[in-house]
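For reference, the structure is listed below as structure tokens.
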Amino acid sequence: MTQPQMEAQITGAIVRRYFAKLQERLTLDVAIVGAGPSGLVAARDLARLGLKVAIFESKLAPGGGVWGGGMLFNEVAVQEDALPILESFGVAALPAGDGYYTCDAVELASGLIFGACRAGATIFNAVKVEDLMVREGRVAGLVVNWTPVARLEMHVDPLVVTARAVIDGSGHPSEAVAMATRKAGLRIDSPSGGIVGEKPMWMELGEHTTVENTKRLCPGLYASGMAANNVQGGYRMGPIFGGMLKSGRKVAGLVAQELGS
Ligand code: 48F
């Protein structure tokens, strides 16, 4: 028998491994929309509890708004009370005075991604969440398609991943919550019963409200990070990330409690 060619072996290995990974995760405990800082912290915490967790990230590179720091100066700020989360990911922080610290944005983004993966969460990148599955008033899964399919406006039907809980970590647009309210007509736990909309820059308030606004919105659906602020009418806060990290930790705790983990 002739030896298989290297090209056939490599291609076969990738295809088999990818499809095994995907098949294993078509039925999830927790599906997270978006691999920003809040989603990555939540994914790691939940995976460490033994839950089956996957993040669906529309961009090629996970990490959300971390990479660019402030205005492409690739440093971000965090507050002292978020240092334990950074330390748990092995990300370094330097004191900047008055209880503030700075991190290299590239180290933070890559550290959060690596930490989530090592804990057992799976990131499906270049996959866009384009709809939700809703059953009897409960968000029960994500409708997903390749990002290039959406970008090229190809008329291709999506596939569905079911989940016991969905976290919207999609950042400023809170895309999953928008699908739940506008398309599925679900009433959510917010002042208006729908999406209130993000308020302008106010770092101090925004940092607090991000954590306060992190909550269960309706059966099966939670929001974290800037998505939570957009839903509840919180302030934006720019390149300070303590609130995002703490929001990820909080939403993981809420989901774990509901799922009994
Ligand atoms: O916005 P993002 O970084 O999420 P976050 O955890 O953090 C916000 C901060 O980065 C920053 C800030 C800090 O003070 O204000 O904005 O709230 O990351 C959200 C991720 O979700 C992806 C998007 O590409 C990004 O990486 N995303 C958005 N919509 C979808 C999505 C979608 N429909 N399907 C899949 N991924």
- Message: Just to check I understand the Karplus step: with θ = phi - 60° and J = 6.51 cos²θ - 1.76 cosθ + 1.60, what whole-Hz values come out for segment 102-111, glycine and proline as x?
- Response: 10, 10, 5, 5, 5, 5, 5, 4, 5, x
- aspartates and glutamates near Lys183 by alpha-carbon distance under 16 Å, same-chain residues fewer than 8 away left out - which ones? Glu130, Asp131, Glu136, Asp168, Glu175
- Using modelled amide H (1.01 Å from N, peptide plane; none on Pro or chain starts), what sits under 5 Å from the amide H of Lys199, excluding residues fewer than 5 places away? Gly234, Tyr235, Arg236
- Note on the structure: Going from the fewest other Cβ atoms within 10 Å to the most, one would list Lys128, Lys215, Lys21 as Lys21, Lys215, Lys128
- Query: Taking the Cα centre of segment 1-160 as origin and charging only Cβ (+1 Lys, Arg; -1 Asp, Glu), how large is the dipole, in debye to the nearest 20?
  - Reply: 700 debye
- Item | Long-range amide H partners of Thr122 with built H, under 5 Å | Val53, Ala54, Ile55
- Message: Explain nothing, just compute: Karplus ³J(HN,Hα) = 6.51 cos²θ - 1.76 cosθ + 1.60, θ = phi - 60°, for every residue of segment 137-143 in order, whole Hz, x for Gly and Pro.
- Response: x, 10, 6, 10, x, 10, 9
- Exposure proxy ranking, count of Cβ atoms within 10 Å, fewest first, for Phe19, Phe114: Phe19, Phe114
- Separation between the Leu60 and Ser261 pseudo-spin-labels, each 7 Å from Cα along Cα→Cβ, expressed in nm? 3.1 nm
- Query: Given just the C-alpha atoms of segment 213-261, how large is their convex hull per residue in cubic angstrom?
  - Reply: 54 Å³
- Note on the structure: Non-local residues with an amide H under 5 Å from the amide H of Ala223, with H modelled 1.01 Å from N and Pro and chain starts lacking one, are Asp168, Lys215, Leu217
- Using 1/(1 + (r/R0)^6) with R0 = 30 angstrom and r between the beta carbons of Glu24 and Lys183, what's the FRET efficiency to the nearest 0.05? 0.55
- Message: Per 0.36 nm of contour for each residue apart, how much would the distance between Glu153 and Arg135 grow if the chain were fully extended, relative to their Cα-Cα spacing?
- Response: 3.7 nm
- Task: For each of Cys103, Cys117, Cys218, count neighbouring Cβ atoms within 10 Å of the residue's Cβ, then give the residues from fewest to most.
- Result: Cys117, Cys218, Cys103
- Task: Enumerate the calculated ³J(HN,Hα) couplings along segment 168-174 in order (Karplus 6.51 cos²θ - 1.76 cosθ + 1.60, θ = phi - 60°), each rounded to whole Hz, writing x wherever the residue is Gly or Pro.
- Result: 8, x, 7, x, 3, x, 6
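Taken together, the values in this text are just the output of simple stated rules run on the coordinates, not laboratory data. What you see is a predicted model, and the numbers here were worked out from it, not measured in a lab. Positions of Cβ are backbone-derived with ideal geometry, glycine not excepted, and every protein chain shown enters the neighbour counts.
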